[in-house]
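Notes to accompany the following structure.
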Amino acid sequence: DPNSSLLTDVKFLFKSPGQDGIVTEVRAHKLILAIASDVFEREFFGSLKSEDDIPISDVSKEVVQAMIDHIYCKQLNIKDYDPVFNASLYYLAEKYILEDLRDEIIVSVKEMQITKKSVLEFALLAEESILHEPLSEALYNVVVTFLMAEFDNSMEKAVKFLAEFEANEKHGLVILKLIKLLDKETPEKKCVNCQKDSDTCRKGKVVTQSNVRVGDLVMFNPEVLRYREGESGRVEFVGSLYRESCEGCGCCGIAGACHNIIIGWSDWEDC
(Lines give C-alpha, C1' and ligand atoms only; values in the text may rest on other atoms or scores of the structure.)
Protein backbone atom coordinates (compact mmCIF):
# COMPACT_ATOMS: atom_id res chain seq x y z
CA ASP A 1 0.00 0.00 0.00
CA PRO A 2 1.49 3.39 -0.97
CA ASN A 3 0.14 4.72 2.33
CA SER A 4 2.07 2.16 4.39
CA SER A 5 5.15 2.92 6.48
CA LEU A 6 7.40 1.80 3.61
CA LEU A 7 8.71 4.85 1.82
CA THR A 8 7.50 5.29 -1.73
CA ASP A 9 10.06 5.99 -4.42
CA VAL A 10 8.01 7.18 -7.41
CA LYS A 11 5.43 9.92 -7.85
CA PHE A 12 2.97 10.51 -10.69
CA LEU A 13 2.38 14.27 -10.93
CA PHE A 14 -0.77 16.02 -12.18
CA LYS A 15 -1.02 19.72 -12.90
CA SER A 16 -4.49 21.11 -12.40
CA PRO A 17 -6.03 22.99 -15.34
CA GLY A 18 -6.19 26.75 -15.16
CA GLN A 19 -3.75 29.39 -14.02
CA ASP A 20 -3.27 28.22 -10.43
CA GLY A 21 -1.02 25.35 -11.62
CA ILE A 22 -1.51 23.30 -8.47
CA VAL A 23 0.31 19.97 -8.70
CA THR A 24 -1.11 16.85 -7.08
CA GLU A 25 0.46 13.43 -6.92
CA VAL A 26 -0.08 9.68 -6.68
CA ARG A 27 2.70 7.79 -4.88
CA ALA A 28 3.80 4.20 -5.39
CA HIS A 29 6.70 1.77 -5.05
CA LYS A 30 8.71 1.04 -8.17
CA LEU A 31 9.30 -2.58 -7.27
CA ILE A 32 5.56 -3.28 -6.80
CA LEU A 33 4.74 -1.63 -10.11
CA ALA A 34 7.54 -3.52 -11.86
CA ILE A 35 6.28 -6.86 -10.57
CA ALA A 36 2.81 -6.09 -11.94
CA SER A 37 3.90 -4.73 -15.32
CA ASP A 38 6.78 -5.47 -17.68
CA VAL A 39 6.44 -1.90 -18.97
CA PHE A 40 7.08 -0.48 -15.49
CA GLU A 41 9.97 -2.92 -15.04
CA ARG A 42 11.70 -1.64 -18.17
CA GLU A 43 10.87 1.95 -17.23
CA PHE A 44 12.26 1.75 -13.70
CA PHE A 45 14.97 -0.90 -13.95
CA GLY A 46 15.91 -1.01 -17.62
CA SER A 47 18.81 0.65 -19.39
CA LEU A 48 16.86 3.90 -19.78
CA LYS A 49 15.64 4.54 -16.27
CA SER A 50 12.92 7.12 -15.76
CA GLU A 51 12.87 9.91 -13.20
CA ASP A 52 11.34 9.44 -9.79
CA ASP A 53 8.78 12.14 -10.57
CA ILE A 54 6.66 11.33 -13.62
CA PRO A 55 4.36 14.05 -15.02
CA ILE A 56 1.07 12.74 -16.39
CA SER A 57 -1.11 14.71 -18.81
CA ASP A 58 -3.11 12.16 -20.81
CA VAL A 59 -5.34 10.86 -18.00
CA SER A 60 -6.67 12.18 -14.71
CA LYS A 61 -5.25 11.60 -11.24
CA GLU A 62 -8.33 9.56 -10.32
CA VAL A 63 -7.78 7.13 -13.18
CA VAL A 64 -4.11 6.61 -12.31
CA GLN A 65 -5.07 6.13 -8.66
CA ALA A 66 -7.54 3.42 -9.73
CA MET A 67 -4.78 1.66 -11.68
CA ILE A 68 -2.43 1.85 -8.68
CA ASP A 69 -5.16 0.53 -6.38
CA HIS A 70 -5.65 -2.41 -8.73
CA ILE A 71 -1.92 -3.17 -8.75
CA TYR A 72 -1.93 -3.09 -4.94
CA CYS A 73 -4.83 -5.60 -5.00
CA LYS A 74 -7.44 -3.19 -3.72
CA GLN A 75 -11.01 -4.02 -4.74
CA LEU A 76 -12.26 -1.76 -7.54
CA ASN A 77 -15.95 -1.28 -8.24
CA ILE A 78 -15.35 -0.95 -11.95
CA LYS A 79 -19.01 -1.42 -12.86
CA ASP A 80 -19.82 1.69 -10.79
CA TYR A 81 -17.47 3.92 -12.78
CA ASP A 82 -18.88 5.92 -15.65
CA PRO A 83 -18.06 4.75 -19.22
CA VAL A 84 -15.58 7.58 -19.90
CA PHE A 85 -13.64 6.78 -16.72
CA ASN A 86 -13.50 3.09 -17.66
CA ALA A 87 -12.30 3.97 -21.16
CA SER A 88 -9.39 5.95 -19.66
CA LEU A 89 -8.63 3.12 -17.25
CA TYR A 90 -8.64 0.65 -20.15
CA TYR A 91 -6.14 2.90 -21.95
CA LEU A 92 -3.76 2.60 -18.98
CA ALA A 93 -4.37 -1.15 -18.73
CA GLU A 94 -3.26 -1.54 -22.34
CA LYS A 95 -0.39 0.92 -22.02
CA TYR A 96 1.10 -0.98 -19.07
CA ILE A 97 -0.08 -4.45 -20.22
CA LEU A 98 -2.28 -5.12 -17.19
CA GLU A 99 -4.32 -7.88 -18.81
CA ASP A 100 -6.45 -8.76 -15.78
CA LEU A 101 -7.54 -5.14 -15.36
CA ARG A 102 -8.27 -4.90 -19.06
CA ASP A 103 -10.42 -8.04 -18.93
CA GLU A 104 -12.34 -6.76 -15.89
CA ILE A 105 -13.20 -3.57 -17.74
CA ILE A 106 -14.49 -5.47 -20.77
CA VAL A 107 -16.71 -7.60 -18.52
CA SER A 108 -18.03 -4.47 -16.80
CA VAL A 109 -18.91 -2.89 -20.15
CA LYS A 110 -21.16 -5.83 -20.98
CA GLU A 111 -23.05 -5.20 -17.73
CA MET A 112 -23.49 -1.45 -18.18
CA GLN A 113 -27.04 -0.14 -18.16
CA ILE A 114 -28.03 1.83 -21.26
CA THR A 115 -31.09 4.00 -21.80
CA LYS A 116 -32.45 5.65 -24.91
CA LYS A 117 -30.87 8.90 -23.74
CA SER A 118 -27.41 7.35 -23.37
CA VAL A 119 -27.35 5.26 -26.58
CA LEU A 120 -25.48 7.87 -28.60
CA GLU A 121 -23.10 8.62 -25.72
CA PHE A 122 -22.03 4.97 -25.58
CA ALA A 123 -21.77 4.73 -29.37
CA LEU A 124 -19.61 7.87 -29.60
CA LEU A 125 -17.33 6.52 -26.87
CA ALA A 126 -17.06 3.27 -28.80
CA GLU A 127 -15.87 5.20 -31.85
CA GLU A 128 -13.45 7.34 -29.80
CA SER A 129 -11.98 4.07 -28.47
CA ILE A 130 -11.50 2.61 -31.95
CA LEU A 131 -7.73 2.19 -31.40
CA HIS A 132 -8.55 -0.10 -28.48
CA GLU A 133 -10.47 -2.66 -30.50
CA PRO A 134 -11.74 -4.95 -27.69
CA LEU A 135 -13.16 -1.97 -25.78
CA SER A 136 -14.66 -0.38 -28.89
CA GLU A 137 -16.24 -3.67 -29.93
CA ALA A 138 -17.67 -4.27 -26.45
CA LEU A 139 -19.20 -0.78 -26.34
CA TYR A 140 -20.75 -1.09 -29.80
CA ASN A 141 -22.09 -4.56 -28.95
CA VAL A 142 -23.75 -3.41 -25.73
CA VAL A 143 -25.49 -0.62 -27.66
CA VAL A 144 -26.71 -3.03 -30.34
CA THR A 145 -27.91 -5.50 -27.71
CA PHE A 146 -29.91 -2.73 -26.04
CA LEU A 147 -31.46 -1.57 -29.31
CA MET A 148 -32.47 -5.11 -30.30
CA ALA A 149 -34.13 -5.66 -26.92
CA GLU A 150 -35.74 -2.24 -26.77
CA PHE A 151 -37.31 -2.51 -30.23
CA ASP A 152 -38.24 -6.21 -30.22
CA ASN A 153 -35.57 -7.23 -32.75
CA SER A 154 -37.06 -4.80 -35.27
CA MET A 155 -34.29 -3.18 -37.27
CA GLU A 156 -36.81 -0.82 -38.87
CA LYS A 157 -37.85 0.57 -35.46
CA ALA A 158 -34.25 0.82 -34.27
CA VAL A 159 -33.15 2.70 -37.39
CA LYS A 160 -36.12 5.05 -37.07
CA PHE A 161 -35.05 5.79 -33.49
CA LEU A 162 -31.42 6.44 -34.51
CA ALA A 163 -32.60 8.79 -37.25
CA GLU A 164 -34.04 11.10 -34.60
CA PHE A 165 -30.59 12.16 -33.38
CA GLU A 166 -29.09 15.43 -34.57
CA ALA A 167 -27.45 15.00 -37.94
CA ASN A 168 -23.74 15.77 -38.09
CA GLU A 169 -20.60 14.06 -39.37
CA LYS A 170 -19.64 12.43 -36.06
CA HIS A 171 -23.16 11.17 -35.36
CA GLY A 172 -23.54 9.95 -38.92
CA LEU A 173 -20.45 7.76 -38.68
CA VAL A 174 -21.49 5.96 -35.50
CA ILE A 175 -25.12 5.62 -36.62
CA LEU A 176 -23.98 4.04 -39.88
CA LYS A 177 -21.85 1.55 -37.94
CA LEU A 178 -24.75 0.77 -35.62
CA ILE A 179 -27.04 0.11 -38.58
CA LYS A 180 -24.51 -2.31 -40.08
CA LEU A 181 -24.19 -4.12 -36.75
CA LEU A 182 -27.96 -4.22 -36.34
CA ASP A 183 -28.28 -5.75 -39.79
CA LYS A 184 -25.93 -8.56 -38.76
CA GLU A 185 -27.77 -9.16 -35.50
CA THR A 186 -31.33 -8.98 -36.86
CA PRO A 187 -32.79 -12.50 -36.88
CA GLU A 188 -33.05 -13.86 -40.39
CA LYS A 189 -36.68 -13.72 -41.43
CA LYS A 190 -37.88 -16.84 -43.17
CA CYS A 191 -41.10 -17.50 -44.95
CA VAL A 192 -43.47 -19.46 -42.71
CA ASN A 193 -44.34 -21.70 -45.65
CA CYS A 194 -41.17 -22.45 -47.58
CA GLN A 195 -38.72 -21.69 -44.71
CA LYS A 196 -36.43 -19.86 -47.10
CA ASP A 197 -34.85 -16.49 -46.57
CA SER A 198 -35.87 -13.37 -48.44
CA ASP A 199 -33.22 -13.83 -51.13
CA THR A 200 -34.54 -17.18 -52.34
CA CYS A 201 -38.18 -17.04 -51.26
CA ARG A 202 -40.58 -16.36 -54.12
CA LYS A 203 -43.23 -14.71 -52.00
CA GLY A 204 -44.73 -11.72 -53.77
CA LYS A 205 -43.50 -12.80 -57.18
CA VAL A 206 -45.63 -13.59 -60.21
CA VAL A 207 -46.04 -17.25 -61.08
CA THR A 208 -44.37 -18.08 -64.35
CA GLN A 209 -43.88 -21.31 -66.26
CA SER A 210 -40.19 -21.23 -65.39
CA ASN A 211 -40.42 -20.58 -61.65
CA VAL A 212 -43.50 -22.60 -60.66
CA ARG A 213 -42.82 -25.76 -58.65
CA VAL A 214 -45.00 -28.69 -57.69
CA GLY A 215 -45.87 -28.17 -54.03
CA ASP A 216 -46.19 -24.38 -54.31
CA LEU A 217 -49.16 -22.85 -52.55
CA VAL A 218 -50.56 -19.89 -54.45
CA MET A 219 -53.63 -17.72 -54.42
CA PHE A 220 -55.02 -17.09 -57.87
CA ASN A 221 -57.31 -14.47 -59.29
CA PRO A 222 -60.62 -16.16 -60.24
CA GLU A 223 -61.01 -13.69 -63.08
CA VAL A 224 -57.79 -14.96 -64.63
CA LEU A 225 -57.83 -18.62 -63.78
CA ARG A 226 -60.41 -21.32 -63.13
CA TYR A 227 -59.91 -24.86 -61.90
CA ARG A 228 -62.08 -27.95 -62.10
CA GLU A 229 -61.98 -31.37 -60.53
CA GLY A 230 -60.99 -33.98 -63.07
CA GLU A 231 -61.13 -37.74 -63.06
CA SER A 232 -59.49 -39.67 -60.20
CA GLY A 233 -58.99 -36.58 -58.12
CA ARG A 234 -57.08 -34.65 -60.75
CA VAL A 235 -57.28 -30.88 -60.41
CA GLU A 236 -56.91 -29.25 -63.79
CA PHE A 237 -56.49 -25.55 -64.42
CA VAL A 238 -58.24 -23.91 -67.30
CA GLY A 239 -57.69 -20.48 -68.78
CA SER A 240 -53.93 -20.25 -68.41
CA LEU A 241 -50.91 -20.92 -70.57
CA TYR A 242 -49.66 -23.52 -68.13
CA ARG A 243 -51.39 -26.70 -66.99
CA GLU A 244 -50.50 -29.07 -64.18
CA SER A 245 -52.38 -31.59 -62.09
CA CYS A 246 -52.17 -33.34 -58.78
CA GLU A 247 -51.53 -36.96 -59.71
CA GLY A 248 -53.01 -39.96 -57.91
CA CYS A 249 -54.77 -38.18 -55.07
CA GLY A 250 -58.34 -39.13 -54.32
CA CYS A 251 -59.04 -36.38 -51.81
CA CYS A 252 -58.27 -33.27 -53.81
CA GLY A 253 -61.84 -32.10 -54.18
CA ILE A 254 -60.50 -28.65 -53.42
CA ALA A 255 -57.40 -27.49 -55.17
CA GLY A 256 -54.40 -28.06 -52.99
CA ALA A 257 -56.35 -29.28 -49.97
CA CYS A 258 -54.26 -32.41 -49.65
CA HIS A 259 -50.80 -31.47 -50.87
CA ASN A 260 -51.00 -27.67 -51.01
CA ILE A 261 -50.60 -27.97 -54.76
CA ILE A 262 -52.17 -25.14 -56.70
CA ILE A 263 -50.37 -24.25 -59.87
CA GLY A 264 -51.22 -21.66 -62.48
CA TRP A 265 -50.73 -18.11 -63.67
CA SER A 266 -51.46 -15.55 -60.93
CA ASP A 267 -50.02 -13.11 -58.50
CA TRP A 268 -48.47 -14.67 -55.43
CA GLU A 269 -50.21 -13.86 -52.19
CA ASP A 270 -48.28 -16.37 -50.17
CA CYS A 271 -45.61 -18.99 -50.80
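Brief remarks on what is shown
- Accessible area per residue for segment 57-195, computed on protein heavy atoms with a 1.4 Å probe, is 59 Å².
- Here the peptides 34-47, 77-90 are ranked by packing, the mean other Cβ count within 10 Å, and the order with the highest first is 77-90, 34-47.
- With q set to 0.14, 0.22 Å⁻¹, the log10 of I(q)/I(0) for segment 92-135, from the Debye formula over equal scatterers at the Cα positions, is -0.37, -0.82.
- Accessible carbon and sulfur surface of segment 78-168 relative to its total accessible area, %, 1.4 Å: 52
- Ordering 7-14, 166-173 by mean Cβ neighbour count within 10 Å, with the highest value first, yields 7-14, 166-173.
- Along its three principal directions, the equivalent ellipsoid of segment 1-113 from the Cα gyration tensor extends over semi-axes of 23, 18, 13 Å, largest first.
- Contour excess over end-to-end distance, with Cα ends at L48 and K157 and 0.36 nm allotted per residue: 33.5 nm
- Mean Cβ count within 10 Å, highest first, over the residues of peptides 52-65, 140-153: 140-153, 52-65
The values are calculated or read from the model by the stated rules, or taken from the named source; none is laboratory data. Since the model is a prediction, treat every value here as computed from it, not as a measurement. Quick reminder, even Gly has a Cβ in these numbers, built from the backbone with ideal geometry, and neighbours come from all protein chains shown. Just so you know, the surface numbers come from the protein's heavy atoms only, side chains and all, with ligands and any DNA or RNA stripped out. Shrake-Rupley method; radii C 1.70, N 1.55, O 1.52, S 1.80 Å.
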